[in-house]
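What follows is a set of notes on a single structure, which appears directly below.
The values are calculated or read from the model by the stated rules, or taken from the named source; none is laboratory data. Just so it is clear, the model here is predicted, and its values are computed rather than measured. Glycine also receives a Cβ, built like all others from the backbone with ideal geometry; neighbour counts cover every protein chain displayed.
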Amino acid sequence: MTDDQRRSGPGPIEDYALLSDLRTAALVGKDGSIDWLCLPRFDAPSCFCRLLGGERDGHWQIAPTSPVREVRRRYRANSLVLETDFHTDDGVLRLIDCMPPHEQDHRAQPCLVRTVRGISGEVDVKMRWVVRFAYGEAVPWVRRVRETDPVLDEFILAIAGPHTAVLRGDVLPQRAERERAHELIRTVRAGESLSWVMQWSPDPDDLPAPVDPGEEVRDAEEFWRDWTTKICYSGPHASAVYRSLATLKALTYAPTGGIVAAPTSSLPEAVPGNRNWDYRYCWLRDATLVLLALDDFGCSAEAAAWRAWLVRAVAGDPADLQIMYGVNGERHLLEWEADWLPGYRRCQPVRFGNAAFRQLQLDVYGEVMDVLHLARERGLPEREETWALQRGMLRHLEKIWRQPDRGLWEVRGPDRYFTHSRVMVWVAFDRAVRAAEEDGLPGPVHRWREIRDEVHAEVLERAWNPELGVFTQYYGGSTLDAATLRMPSVGFLPGDDERVVRTVEAVQRELQHDGVLVDRYTASESRNQVDGLTGREGAFLACSFWLVDALVYIGRRDEAEKLFGELVALANDVGLYAEEYDAATGTFAGNFPQAFSHLALVNSAAVLYGGLTRAQRSRRNGKPG
């Protein structure tokens with residue numbers, strides 16, 4: 001496919017908003033174009049892939065034909081019903097988008113509803129529907145169908161292999177042969193509206209029945225309104241906390257409870273750059289933050305569902321534990337490159353799958369042990385097999401904990417003794433000791449205690465650089481790592497320990513930009529030697545929120561509150577965050593929206609302003625306070 005055929009590419013990452021039906025997600029730009037949608041679930045091949053290519057790789061745009069002077073958009077209340085107002089010289093046009101969630105009906109297929117409504121004047125609107133399955137590679141066979149039995153039903157059917165899409169609407173677009181697209185132009189006057197519904201089916205002989213667009217929008221709004229009533233938070237920046245929790249819910253795969261790291265793949269960490277990864281999977285590393293974020297603010301059902309997904313995913317031989325899984329617990333996430341796609345703003349390669357699933361990252365043992373301990377402590381109903389699973393993990397960890405690994409940042413360079421990994425090994429055995437001592441669970445607590453204490457002493461000796469006066473990224477190193485900010489939050493050292501204070505201050509001096517954004521680790525030639533990659537990256541937003549937490553722990557609350565407010569202000573116009581922020585250009589970078597960023601925001605709010613009290617949480621779980 002030539003560059004001319006691809007035509008224009010996607011807009012800035014921060015220009016997108018999220019739609020979700022709790023199985024998959026779509027990204028809608030300020031230009032009214034849906035540029036990313038995978039069907040029927042988050043990690044399936046896309047049918048709209050303009051995000052990683054051009055218009056001919058699939059998109060669905062609805063927008064005025066005349067120049068737009070201003071775009072204003074918002075989600076209705078705390079829902080994922082998106083309203084975009086286009087202000088033109090001819091009038092104002094409103095675009096309403098949603099994907100109705102069907103949380104309990106696991107047989108329901110994805111449905112995308114789009115409505116344009118005239119607010120003032122008369123505006124000519126253009127609708128352009130370009131379906132390309134298999135990440136833009138498969139041009140479907142498209143035909144117009146008119147049925148008369150049992151009711152009059154006219155629609156457009158697009159079929160390519162196992163993929164079928166159906167487009168219904170008040171008026172259907174006509175085929176544009178040269179573009180292999182479907183287009184229409186209509187005038188919409190004040191008070192008038194037009195609606196379209198796109199549905200997906202795995203079987204062209206069993207198509208979904210027509211739905212009422214207005215009813216679907218109302219049901220979607222009601223779903224999100226009911227869901228957000230369970231959130232308990234009235235502190236500062238409440239809208240940011242609510243939006244972040246709704247985003248985490250939107251990234252949940254309802255049939256299993258798994259939460260994807262992001263709904264996108266291969267959005268680069270810098271432009272130009274080649275740090276492009278597929279994040280449409282569930283990382284064990286997110287486990288503790290997910291449970292805390294959800295349970296701290298009243299979403300105990302979602303916390304329990306995530307815990308259940310986690311236990312199912314890691315069940316089996318502890319030696320086979322992976323750092324990430326598919327939304328159904330799939331193990332094989334083989335990485336490959338789509339060489340026909342030019343990539344977002346020509347950043348290649350475009351990767352699908354993620355080879356990091358085979359890496360040894362010892363910190364995940366600590367994350368899993370921590371989250372299951374927290375679930376027990378928070379009063380989530382215990383599962384009989386959970387403790388047996390934990391004991392099996394510990395037996396395996398006893399055999400391998402002295403090995404180097406790839407660490408939190410999934411480096412593709414050599415294995416090292418990363419400080420964060422060693423701290424999380426300590427967490428794993430510490431939580432086992434606490435389970436035995438506090439909860440009376442059986443196990444070789446004396447051995448666990450010996451290993452815990454040995455790891456603790458080792459970290460203090462080998463990760464501390466006495467010349468620099470800081471904890472470094474790995475044993476014997478001289479570079480900093482923002483992950484060391486988490487030491488007080490996991491209980492490895494108290495916040496008033498001088499070594500913690502000096503490390504936090506060093507991170508501020510060397511990794512922070514303009515007193516706000518924080519890099520993951522020291523930017524230098526040695527960084528590329530550590531992670532095995534070339535090129536630069538943006539500041540990691542989760543690390544910036546970790547600094548908020550660390551400042552609270554070391555007693556600098558006022559500074560933490562100020563930083564938190566500045567980070568909240570970095571969200572895009574609908575409250576979403578990418579993985580990273582490019583301070584040089586003032587733009588988002590990396591996959592979007594990023595669960596890790598929203599998790600970190602919510603947890604910082606809990607550290608600063610508090611979530612549910614133990615008594616409140618117990619009452620919500622049906623137990624005495």
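Please verify whether the stretch 77-84 includes one or more residues that are closer than 18 Å to Val211 by Cα and either assigned by TED's automatic domain parsing to the domain that holds Gly9 or not β-branched (Val, Ile, Thr) (or both). Scanning the stretch 77-84 turns up at least one residue that is closer than 18 Å to Val211 by Cα and either assigned by TED's automatic domain parsing to the domain that holds Gly9 or not β-branched (Val, Ile, Thr) (or both). Is the stretch 37-44 home to any residue that is modelled with pLDDT of 95 or more and more than 21 Å from Tyr253 (Cβ to Cβ)? No: zero hits. For the stretch 349-356, the condition holds for at least one residue, the condition being that it is in contact with a Leu (Cβ under 9 Å, 6 or more places away or on another chain), closer than 16 Å to Arg280 by Cα and among the polar types (S, T, N, Q).
Taken together, Thr288, Thr256, Thr247 contain a single residue that is under 28 Å from Pro12 (Cα atoms), touching a residue at least 12 places away in the same chain (Cβ under 8 Å) and touching a helix residue (DSSP H, G or I) at 6+ places or on another chain (Cβ under 7 Å), which is Thr247. Is it the case that the stretch 196-211 has a residue that's modelled with pLDDT of 95 or more, surrounded by 14 or more Cβ atoms within 10 Å (Cβ to Cβ) and either touching a helix residue (DSSP H, G or I) at 6+ places or on another chain (Cβ under 8 Å) or outside the structural domain of Asp105 (by TED's automatic domain parsing) (or both)? Yes: one or more hits.
Only one of the numbered conditions (1) hydrophobic (A, V, I, L, M, F, W, C); (2) in a strand (DSSP E or B); (3) surrounded by fewer than 17 Cβ atoms within 10 Å (Cβ to Cβ) is violated by Ala77, and that is (2). Filtered by the rule that a residue be of a type in the set (Phe, Trp, Tyr) and closer than 12 Å to Pro110 by Cβ, the stretch 20-47 gives a lone residue, Phe42. Before we move on, is Leu294 in contact (Cβ under 8 Å) with a residue 40 or more places away in the chain, in contact with a Pro (Cβ under 7 Å, 6 or more places away or on another chain) and closer than 19 Å to Phe223 by Cβ? So Leu294 fails the test.
A quick yes/no check of all residues on (1) farther than 24 Å from Leu95 by Cα; (2) in contact with a Lys or Arg (Cβ under 9 Å, 6 or more places away or on another chain); (3) modelled with pLDDT under 95:
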{"position": "Leu152", "(1), (2), (3)": "yes, yes, yes"}
{"position": "His163", "(1), (2), (3)": "yes, no, yes"}
{"position": "Glu179", "(1), (2), (3)": "yes, yes, yes"}
{"position": "Thr187", "(1), (2), (3)": "no, no, no"}
{"position": "Glu192", "(1), (2), (3)": "no, yes, no"}
{"position": "Glu221", "(1), (2), (3)": "no, yes, no"}
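Filtered by the rule that a residue be assigned to a loop (DSSP other than H, G, I, E, B) and either over 16 Å from Gly258 (Cβ atoms) or not assigned by TED's automatic domain parsing to the domain that holds Gly366 (or both), the stretch 333-346 gives Leu334, Glu335, Ala338, Asp339, Trp340, Leu341, Pro342, Gly343. Would the stretch 38-52 turn up any residue that is part of a strand (DSSP E or B) and farther than 19 Å from His182 by Cα? Within the stretch 38-52, one or more residues are part of a strand (DSSP E or B) and farther than 19 Å from His182 by Cα. Within the stretch 473-515, the set of residues being free of Cβ contacts under 8 Å to residues at least 60 places away in the same chain, part of a loop (DSSP other than H, G, I, E, B) and touching an Asp or Glu at 6+ places or on another chain (Cβ under 6 Å) comprises Gln473, Leu480. Can you tell me which residue among Leu394, Leu360 is touching a helix residue (DSSP H, G or I) at 6+ places or on another chain (Cβ under 9 Å) and crowded, with 18+ Cβ neighbours inside 10 Å? Of the residues listed, the single one that is touching a helix residue (DSSP H, G or I) at 6+ places or on another chain (Cβ under 9 Å) and crowded, with 18+ Cβ neighbours inside 10 Å is Leu394. Looking at the stretch 81-149, the strands (runs of 3 or more DSSP E) lying wholly inside it that each contain 1 or more residues that are among the basic types (Lys, Arg) sit at 91-98, 111-130, 141-147.
Within the stretch 61-77, residues that are under 23 Å from Trp129 (Cα atoms) sit with their Cβ atoms under 6 Å from residues that are of a type outside the set (Gly, Ala, Ser) and assigned to a loop (DSSP other than H, G, I, E, B), at 6+ positions apart or across chains, in these pairs: Ala63/Asp31; Ser66/Asp90; Val71/Lys30.
Scanning the stretch 278-298 for residues that are surrounded by fewer than 24 Cβ atoms within 10 Å (Cβ to Cβ) and in contact with a Lys or Arg (Cβ under 7 Å, 6 or more places away or on another chain) yields Asp278, Gly298. Selection within the stretch 432-458: residues that are in contact (Cβ under 8 Å) with a residue 40 or more places away in the chain and in a helix (DSSP H, G or I). The member of this set that is surrounded by the most Cβ atoms within 10 Å (Cβ to Cβ) is Ala432.
Checking each residue in the stretch 543-571 for being within 18 Å of Ser239 (Cα to Cα) and outside any helix (DSSP H, G or I) picks out Ala569, Leu570, Ala571.
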